[in-house]
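All of the numbers you see were taken from the coordinates with simple rules; none came from a lab. Quick caveat: nothing in here was measured; it's all calculated off a predicted structure. Cβ sites come from the backbone with ideal geometry, for glycine too, and all protein chains shown count toward neighbours.
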Amino acid sequence: MASKLAPLVKFNNGLTCPILGLGTWQAESGDDVYRAICEAIDMGYRHIDGAYFYDNEKEVGQAIRDKIQQGVVKREDLFVTSKLWNTYHRPDLVEKMAKVSLSLLGLEYLDLYLIHWPMAYKEGDNLIPLDANGKCYYSDVDYVDTWKAMENLVEKGLVKSIGLSNFNSKQIDRVLGIAKIKPVTNQVESHPCLPQTKLFEFCKARGITITAYSPLGSPARPWAKPEDPSLLDDPKIKAVANKYKKTTAQVLIRYHIDRGMIVIPKSSNPKRMLENFSIWDFTLTKEDVADISTLECNGRFVLEDEGLDHKDHPFGVHAKDLEF
């Protein structure tokens with residue numbers, strides 16, 4: 001059992017979120033993810049990040065409900081996130097899909113619901129709708145209209161907070177320009193090769209937190225190339241780890257927390273999950289953070305390639321001149 005729970009971050013709506021959570025992207029549906037969630041809650045994790053697209057919400061929800069039934073936690077102790085996938089951006093589909101995730105999870109409300117990506121794909125249950133040439137069918141739904149439908153979920157009590165995922169600075173400002181309810185967070189890929197410094201400061205100035213996914217560089221991503229940087233093996237990260245007698249993964253997680261980001265490393269290995277959560281007995285110095293940040297190389301590992309030429313892709317061909 002971990003020695004303590006994660007500290008809380010306060011959102012712009014006054015609600016709170018544990019600064020460290022467990023990511024479930026690429027966690028296989030079935031016994032693997034069920035066991036991982038059960039063990040994570042036993043270890044002290046209280047923040048579970050998921051999405052409809054991950055195709056494992058049923059097992060995630062079963063694990064959560066079992067731990068509640070066992071008396072390990074109460075529902076209000078947990079922070080559960082889901083996300084609206086690209087094929088359901090049309091405003092009349094937003095509430096339907098939030099309710100689908102709630103049904104799969106077996107929960108009455110979500111703590112956080114995010115627009116997974118800003119670009120809309122052709123509506124339907126084919127989550128990556130491709131033509132015969134492998135090109136994705138797009139929808140012309142504007143994400144600001146999707147956001148207005150997201151706000152209705154808060155007003156109806158289906159979700160506590162709403163936010164964005166993979167939005168760039170221009171897109172965030174467009175949402176803020178029409179929002180009755182501000183996004184509480186923007187969940188983005190972040191690690192030393194892509195530290196998101198400018199986007200972090202941009203969001204901070206607007207009262208929006210950054211949630212960092214892939215903080216370890218997504219070493220298990222299927223499309224990794226041999227020449228890609230390996231953060232867990234990087235000499236600079238190893239030197240900092242040796243200094244504190246910690247693992248490189250623990251240093252990478254602290255790197256985000258000590259900069260003020262929420263962070264959601266993914267693992268289903270019990271030893272690594274416990275290791276990732278056992279980071280409360282050290283902090284990085286400003287010099288450590290600055291040194292690690294010199295690894296920045298705009299090294300983006302998660303691209304959502306199918307939508308790269310969509311007009312709303314946050315860093316695709318139409319966003320090539322956008323700085324962050």
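Quick notes
- Structural descriptor for segment 16-153: relative contact order 22 percent, calculated from alpha carbon pairs under 8 angstrom and at least 6 residues apart.
- Top positive-direction residue, dipole computed over the chain with Cβ charges, set 168, 124, 252: 252
- Antiparallel bridge percentage (DSSP; both residues within segment 1-93; nearest 5): 40
- Looking at segment 41-143, the DSSP beta bridges with both ends there are about 20 percent antiparallel.
- Violating pairs (Cα-Cα greater than 27 angstrom) within the set 58/122; 96/225; 148/311; 10/83: 96/225
- Dipole of the chain, positive direction: furthest Cα of 36, 100, 9, with charges on the beta-carbon: 9
- Amide N of segment 286-313 lying under 19 Å from the label point, which is placed 7 angstrom from the Cα of residue 144 along Cα→Cβ: 311-313
- Here segment 142-186 and segment 105-138 have alpha carbon centers that stand 16 Å from each other.
- Förster radius 25 Å - calculated FRET efficiency between residue 66 and residue 96 (Cβ-Cβ, nearest 0.05): 0.40
- Pairs of Cα atoms nearer than 8 Å and 6+ residues apart set the relative contact order; for the chain it is 19 percent.
- Bridging of residue 246 to lysines at a Cα separation below 17 Å is possible for 236, 238, 271, once same-chain residues fewer than 8 apart are set aside.
- With both labels modelled 7 Å from their Cα along Cα-to-Cβ, the residue 243 to residue 173 distance reads 3.6 nm.
- Remark: the residue 32-residue 311 segment gains 96.7 nm on full extension, using 0.36 nm per residue and subtracting the alpha carbon distance.
- Per-residue ellipticity at 222 nm from helix content only, as computed over the chain with -39500 (n - 2.57) for each DSSP H run of at least four residues, stands at -10000 deg cm²/dmol.
- Share, in percent, of DSSP beta bridges within segment 8-314 that are antiparallel, nearest 5: 20
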